[in-house]
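One structure is given below, encoded as structure tokens.
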Amino acid sequence: MAVMRSLRLFPAEWITLGYLVLTGLCLLLFAGRLEAPLPFFGFRLGATGLVLVLAGMARIHDRRWLLFVRHFLPFLLLGYLYSETYFFRGFFLSGQDAFFFQADAWLFGGQPSQAFSMLFPMRWFSELMYAGYFSYYLLFLGVPLWYWFRRPELFPKAVFVLLGSFYLYYLIFIVLPVAGPQFYLPPSLATAPDGYFFSDLVHLIQEHGEKPTGAFPSSHVGVTVVALLLAYFPSRRLFVLLLPVALLLMCSTVYIKAHYAVDVPAGIITGIVFYIVVSKSYSWFGKH
């Protein structure tokens with residue numbers, strides 16, 4: 001601990017290491033349920049080492065580019081950490097899709113994920129939905145980049161809030177595994193109509209990075225809400241610019257059957273809560 005303090009880790013690095021340690025403890029407890037647990041431990045050692053090496057470099061070379069790399073490195077780890085939640089899904093509960101499938105039926109009198117795409121099967125509309133879904137990646141990377149260039153004094157906190165929100169969602173996915181309609185429904189009902197470029201792009205991303213996990217609450221919606229709140233307070237103009245994209249994204253999660261309808265309000269509520277909680281914890285992490 002003394003060594004890490006001497007390296008002057010940023011709050012975003014502290015919270016990243018905290019997530020790795022916490023999930024590493026889960027691995028120690030439940031390693032017997034995994035066919036090959038060693039790669040998960042190896043990743044944690046490698047990621048921790050990389051964070052500490054970069055912090056050590058900063059003691060020798062105080063460069064602005066190194067500040068940028070240290071804050072954006074955890075974003076590069078998110079794809080892998082998300083995929084891990086699939087392998088950890090049985091640690092606490094088994095899949096809960098049946099419950100959320102029934103919740104949609106009870107609340108909406110049917111399955112909105114099926115009805116939405118049947119009501120608007122046009123190819124141009126599908127492409128619009130897939131474009132909205134893809135905008136998620138631009139939102140959670142674009143907002144901290146905006147801070148980097150326009151409000152650099154708040155950049156570390158913006159990164160911290162986004163990363164902290166991601167990690168909280170991943171912990172929920174480990175404890176409460178829900179695959180979503182695209183995996184739970186029969187194949188004939190699990191796909192949305194084809195679009196053009198963006199539908200192919202999203203399918204490519206899903207093929208290589210999507211896992212049958214992480215549906216409830218929708219982190220796509222929740223992280224988008226966090227990004228909107230991060231945009232709202234320093235720049236109303238940025239918020240107004242991003243709001244239509246965010247609304248399109250929220251609709252798209254149901255249209256392409258990535259989420260049940262109940263996942264969307266759950267994502268909005270948790271996004272607001274996570275923004276408040278993680279923002280308030282920033283100063284605490286900054287002292288350690």
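Of the DSSP H helices in the chain, those with a Cα length along their own long axis of 24 Å or more and a mean Kyte-Doolittle hydropathy reaching 1.6 comprise 11-30, 155-175, 236-255.
Taking a Cβ cut-off of under 10 Å around TYR82, the surrounding Lys, Arg, Asp and Glu residues balance to a net charge of -1, with basic ones at +1 and acidic ones at -1. Report summary: the helix-based calculation at 222 nm, which adds -39500 (n - 2.57) for every DSSP H run with n ≥ 4 and divides by the residues of the chain, gives -25000 deg cm²/dmol. For a test of the definition: using alpha carbon positions, the gyration tensor, and the 1.5 limit on a/c, classify region 159-219 as rounded, prolate or oblate. Taking the square roots of the gyration eigenvalues as a ≥ b ≥ c, region 159-219 is oblate.
Residue separation of ALA105 and LEU34 scaled by 0.36 nm, minus their Cα-Cα distance, works out to 22.1 nm of gained length. For region 170-273, treating each Cα as an identical point scatterer without solvent, what Debye log10 I(q)/I(0) comes out at q = 0.24 1/Å? Taken in order of the listed q values, log10 I(q)/I(0) reads -1.32. In plain terms, the chain from MET57 to ALA115 could stretch by 15.5 nm, reckoned as 0.36 nm per residue minus the Cα-Cα distance.
Surface composition of region 1-117: carbon plus sulfur atoms hold 69% of the accessible area, using a 1.4 angstrom probe and ignoring ligands, DNA and RNA.
If you put +1 on each Lys and Arg Cβ and -1 on each Asp and Glu Cβ, how big is the dipole of region 158-259 around its Cα centre, in Debye rounded to 20? Working shown, then result.
Numbers: 4 positive and 4 negative charges, 76 e Å.
That gives a dipole near 360 debye.
Counting pairs of Cα atoms in region 98-246, how many percent are more than 21 Å apart?
On the way: 5867 of 11026 pairs.
Cα-Cα pairs of region 98-246 separated by over 21 Å account for 53 percent.
Computed over neighbours whose Cβ is under 15 Å from that of ALA36, the net charge equals 0, Lys and Arg +1, Asp and Glu -1. Using the Cα coordinates of region 32-75, the gyration tensor eigenvalues translate into equivalent-ellipsoid semi-axes of 30, 10, 4 Å, sorted from longest to shortest.
Size descriptors for region 1-110, from the alpha-carbon set: Rg then Dmax equal 18.7, 62 Å. Extending 7 Å from Cα along the Cβ direction at LEU25 and again at SER83 yields two label points whose distance is 2.7 nm.
Less than 13 Å Cβ to Cβ from PHE155, Lys/Arg counted +1 and Asp/Glu -1: what total charge do the surrounding residues give? Charge balance near PHE155 sits at +4. For the chain, the solvent-accessible area with a 1.4 angstrom probe is 49 square angstrom per residue.
The values are calculated or read from the model by the stated rules, or taken from the named source; none is laboratory data. Computed from a prediction, not measured in an experiment: that's the story for all the values here. Backbone-built Cβ (ideal geometry, glycine too); neighbour counts: all protein chains shown. For accessibility, only protein heavy atoms count, side chains too; no ligands or nucleic acids. Shrake-Rupley method; radii C 1.70, N 1.55, O 1.52, S 1.80 Å.
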